[in-house]
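Accompanying notes for the structure given below.
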Amino acid sequence: MIKFDETTNGFLLSGKNFSYAAYVNGEGCLQNLYFGKKIELEDLGYLISRGGNRASDADKIPFEYGGYGRGDYREPTIVAERKDGAAMSGFCYVSHKICDGVPEVQGLPHARSGGQTLSVTLKDYFSDILVILNYTVWEDSDVIVRNAEIVNTGKEPVTLKKAFSFCADLPEREYSVLRLYGSWAKERYPEVTKLGRGVTRIQSLRGASSHQMNPFMGILCESCTENEGECYGVQLIYSGSFAITAEVNYNGTLRLQGGINDLNFGWKLCGGERLITPQAALCFSCEGLGGMSRAYADFLRERIINPNFVYGRRPIVVNNWEATYFDFDDEKLFSLIDEAAALGIDTFVLDDGWFGKRNDDKSSLGDWFVNTDKLKGGLKPVIERCKKNGLKFGLWFEPEMISEDSDLYRAHPDWAVKKEGVEPVRGRNQLVLDLTRGEVVEYVFNAVSEILTEYEISYVKWDFNRTLTEFYSARLPADRQGEFAHRYVLGFYDLAERLTAKFPNVFFEGCAGGGGRFDAGALYYFAQIWTSDDTDGLERTKIQWGTATCYPVSGMSCHVSACPNHQTQRITPFETRGAIASLGATGYELDLTKLTEEEKQNVKEQIKAYRQIDDLVLKGDLYRLSNPFESNYFCEMLVAKDKARAYVVGERFRGDPCDYDRILKLYGLDENKTYRITELNLTASGKALLNAGVLFPRLPDCGSWIWHIEEAK
């Protein structure tokens with residue numbers, strides 16, 4: 001997978017369908033040669049001779065890690081300021097090693113196992129800084145994982161003003177950029193724009209990956225579509241303030257970089273210390289955006305998501321939030337639990353409001369003890385009611401937050417993120433706990449652990465309902481306040497790592513006011529994430545379509561909720577809500593006691609049908625067939641790895657009298673197999689279903705369809 005050619009001082013790293021090549025040039029600098037379809041080691045000499053980059057043209061050399069202030073006027077990958085204020089840098093090759101497995105990434109989520117890693121050590125010409133570049137590839141993956149370790153080998157401290165994880169230069173082509181933007185209840189909408197000269201930057205400054213911009217960037221080459229053409233992906237395995245940049249140089253070449261956001265970043269690196277940057281997962285696809293999406297889905301399932309849960313059947317939950325909000329007692333919960341059992345749901349999740357004196361969103365965060373005024377017997381009667389009905393019990397926490405009206409705040413007001421003398425910004429009437437402080441992490445760990453130890457809890461919903469402000473810790477000295485945002489994320493990871501390790505049989509679901517922290521770093525700890533607070537059966541088609549750009553459907557929590565929908569007030573058929581929710585980890589977010597008999601029967605049928613296809617949700621390949629942003633239809637298909645089965649879900653948005661006889665091509669089936677579509681009573685070859693296609697069904701507003709496809713025997 002990784003080869004070194006002593007003749008050319010070249011490295012060739014190869015995955016499933018791609019190669020990545022670099023070499024040490026005559027000036028001792030490590031520069032990129034190639035990133036694309038597979039090539040051979042023998043091709044390195046040709047690539048070097050073809051390059052034509054002279055050492056004097058520093059702003060054209062495709063460096064593997066960009067320096068600052070030495071003639072390369074593109075944005076640098078690192079800015080390291082020394083005691084005298086100087087920050088110029090340039091890097092020369094020192095050594096390398098190739099070893100099996102993945103590098104140790106202490107304190108950060110990371111690719112878990114297997115593969116082969118190249119580690120190249122570079123030395124700054126002007127300081128005592130070493131940079132170790134790590135590259136990991138797998139024979140069965142189209143993803144290459146990169147990060148950097150920055151080491152101060154001197155005695156004097158250095159302040160890192162910028163420390164990105166990677167730099168990758170691509171040759172001159174016509175490129176477009178794909179970003180996933182949004183807001184609360186409208187997360188991860190795809191947007192494609194042409195890349196012009198200069199810097200295109202996507203980022204979050206919120207202390208979390210955010211609703212507004214996901215830590216992913218797609219780079220589309222000319223003529224790239226969903227199913228054809230070449231494209232690249234950059235996905236950060238990181239949950240904090242981030243930046244990814246794409247800079248088109250004056251000569252048309254493209255520099256990709258990304259990592260910890262460098263705005264207000266300043267990391268003091270004392271002698272002998274090192275900073276390990278987050279990993280970035282780079283992907284190459286020659287099968288369009290769909291190929292990239294499937295490569296990322298496989299990578300995240302195989303290398304990132306908790307192996308204890310990644311392929312295990314997901315609990316089908318009912319969450320009480322939209323049924324009761326804060327207004328519940330034992331009897332209300334008992335009614336929901338009894339109804340859930342009768343309908344075939346297997347897990348009941350008690351959401352916000354069970355702790356402290358919590359009757360609204362103005363108090364008690366941080367007071368993780370049961371509200372016995374509301375739940376007279378505490379949690380035990382509720383759990384016993386679940387057990388009696390054969391249900392498992394889940395519980396909501398918001399571990400990173402604190403209310404000013406709480407016992408915890410009255411005892412430790414300094415534990416909140418704020419600056420003395422400055423009125424803090426509040427979100428959802430709450431402040432954020434300062435997880436840069438070890439004693440705060442320890443308190444939360446112990447408080448949550450006590451609940452999970454005392455009660456029989458199988459499922460935890462971990463929420464995060466506001467992002468960071470102030471970016472200040474009373475415990476950090478002035479010259480380290482620039483470390484706050486990254487240290488906060490390290491504190492979150494520390495807490496999540498300790499809790500998931502101590503309770504390995506508890507299923508943890510992530511949430512952040514919906515999908516505000518839906519990223520690969522969070523998926524490392526949470527096998528699935530609440531995709532969005534918007535559960536509308538139409539809007540979810542767009543949210544789930546965009547999310548599937550670089551995340552597996554098994555990582556998306558997708559619930560059926562009540563109508564009129566609580567976010568949009570739209571009314572959609574119950575069958576449509578169930579169909580769209582089946583393209584993920586399905587469940588229910590409504591008052592089961594208010595369902596009609598017909599709706600109750602729908603729930604029973606939906607659950608039974610879901611259990612017939614949930615292996616495709618967990619393990620299958622996703623093919624996106626009709627784009628809801630570009631047409632009157634949404635359609636996606638999950639295909640088994642052996643191509644023997646498939647599951648199609650679609651929705652027609654508007655009943656248009658002129659919108660008929662349209663063709664849907666079923667990409668992803670084996671052209672050499674013959675298939676039967678059960679619901680259509682139709683048998684045809686995979687070749688015909690792809691090339692000739694199937695007619696879209698005629699449906700009313702927000703009407704849906706489901707097709708089960710099996711290889712004909």
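The values are calculated or read from the model by the stated rules, or taken from the named source; none is laboratory data. Just so it is clear, the structure is predicted and the values come from calculations on it, not from any experiment. Ideal geometry is used to build each Cβ from the backbone, glycine not excepted, and the neighbour counts take in all protein chains shown.
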ask   = Is at least one residue of the stretch 404-427 of a type outside the set (Ser, Thr, Tyr), within 30 Å of residue 270 (Cβ to Cβ), assigned to a helix (DSSP H, G or I) and touching a Phe, Trp or Tyr at 6+ places or on another chain (Cβ under 6 Å)?
value = no
ask   = Looking at 489, 417, 432, 448, which is the one that is buried (at least 21 other Cβ atoms within 10 Å of the Cβ), in contact (Cβ under 8 Å) with a residue 12 or more places away in the chain and farther than 24 Å from residue 278 by Cβ?
value = 448
remark   = Restricted to the stretch 121-134 and to residues being in contact with a Phe, Trp or Tyr (Cβ under 7 Å, 6 or more places away or on another chain) and surrounded by 20 or more Cβ atoms within 10 Å (Cβ to Cβ), the residue farthest from residue 280 (Cα to Cα) is 124
task = Check residue 578 against each of (1) touching a residue at least 40 places away in the same chain (Cβ under 8 Å); (2) more than 17 Å from residue 313 (Cα to Cα); (3) part of a helix (DSSP H, G or I) and name the one condition it does not meet.
result = (1)
request  = Any residue in the stretch 288-310 that's on the phi > 0 side of the Ramachandran plot and touching a residue at least 24 places away in the same chain (Cβ under 8 Å): show its pairings with residues that are surrounded by 20 or more Cβ atoms within 10 Å (Cβ to Cβ) and outside any helix (DSSP H, G or I) at Cβ separation under 8 Å, as long as the two are six or more apart or on different chains.
outcome  = 288/224; 288/231
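Residues checked against (1) closer than 20 Å to residue 130 by Cβ; (2) surrounded by 14 or more Cβ atoms within 10 Å (Cβ to Cβ); (3) at pLDDT 95 or above; (4) assigned by TED's automatic domain parsing to the domain that holds residue 160:
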| site | (1), (2), (3), (4) |
| --- | --- |
| 37 | no, no, yes, yes |
| 48 | no, yes, no, yes |
| 51 | no, yes, no, yes |
| 54 | no, no, no, yes |
| 61 | no, yes, no, yes |
| 68 | yes, yes, yes, yes |
| 75 | no, yes, yes, yes |
| 80 | yes, yes, yes, yes |
inquiry  = Given the criterion surrounded by fewer than 24 Cβ atoms within 10 Å (Cβ to Cβ) and either within 29 Å of residue 288 (Cβ to Cβ) or in contact with a Lys or Arg (Cβ under 8 Å, 6 or more places away or on another chain) (or both), identify the matching residue among 539, 605, 575, 509.
reply    = 539
inquiry  = Taking the criterion of being touching a Leu at 6+ places or on another chain (Cβ under 7 Å), of a type outside the set (Asp, Glu) and either under 12 Å from residue 120 (Cβ atoms) or in a strand (DSSP E or B) (or both), would at least one residue in the stretch 35-53 satisfy it?
reply    = yes
note = Conditions (1) buried (at least 24 other Cβ atoms within 10 Å of the Cβ); (2) touching a strand residue (DSSP E or B) at 6+ places or on another chain (Cβ under 8 Å); (3) under 30 Å from residue 651 (Cβ atoms) -> residue 521 fails only (3)
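Could we say that residue 241 is surrounded by fewer than 23 Cβ atoms within 10 Å (Cβ to Cβ) and either out of contact with any helix residue (DSSP H, G or I) (no Cβ under 9 Å at 6 or more places or on another chain) or modelled with pLDDT of 95 or more (or both) here? Give the steps one after another, and end with the answer.
Working: surrounded by fewer than 23 Cβ atoms within 10 Å (Cβ to Cβ): no; either out of contact with any helix residue (DSSP H, G or I) (no Cβ under 9 Å at 6 or more places or on another chain) or modelled with pLDDT of 95 or more (or both): yes.
It is false that residue 241 is surrounded by fewer than 23 Cβ atoms within 10 Å (Cβ to Cβ) and either out of contact with any helix residue (DSSP H, G or I) (no Cβ under 9 Å at 6 or more places or on another chain) or modelled with pLDDT of 95 or more (or both).
Go through the stretch 687-699 and count every residue that is assigned to a loop (DSSP other than H, G, I, E, B) and farther than 12 Å from residue 659 by Cβ.
The first filter runs over the stretch 687-699 and keeps only residues assigned to a loop (DSSP other than H, G, I, E, B), leaving 692-693, 696-699.
Right, trim to farther than 12 Å from residue 659 by Cβ and you get 692-693.
Residues flagged as assigned to a loop (DSSP other than H, G, I, E, B) and farther than 12 Å from residue 659 by Cβ within the stretch 687-699 amount to 2.
Going by what's in this entry, would residue 349 be described as buried (at least 21 other Cβ atoms within 10 Å of the Cβ) and within 30 Å of residue 405 (Cα to Cα)?
Values: buried (at least 21 other Cβ atoms within 10 Å of the Cβ): yes; within 30 Å of residue 405 (Cα to Cα): yes.
Yes: the conditions hold for residue 349.
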ask   = Which condition breaks for residue 234 when tested against (1) among the β-branched types (Val, Ile, Thr); (2) under 20 Å from residue 517 (Cβ atoms); (3) surrounded by fewer than 24 Cβ atoms within 10 Å (Cβ to Cβ)?
value = (3)
note = Among the residues of the stretch 454-511, the number that are over 23 Å from the mean Cα position of the chain (by Cα), under 23 Å from residue 267 (Cα atoms) and either among the polar types (S, T, N, Q) or assigned to a loop (DSSP other than H, G, I, E, B) (or both) is 9
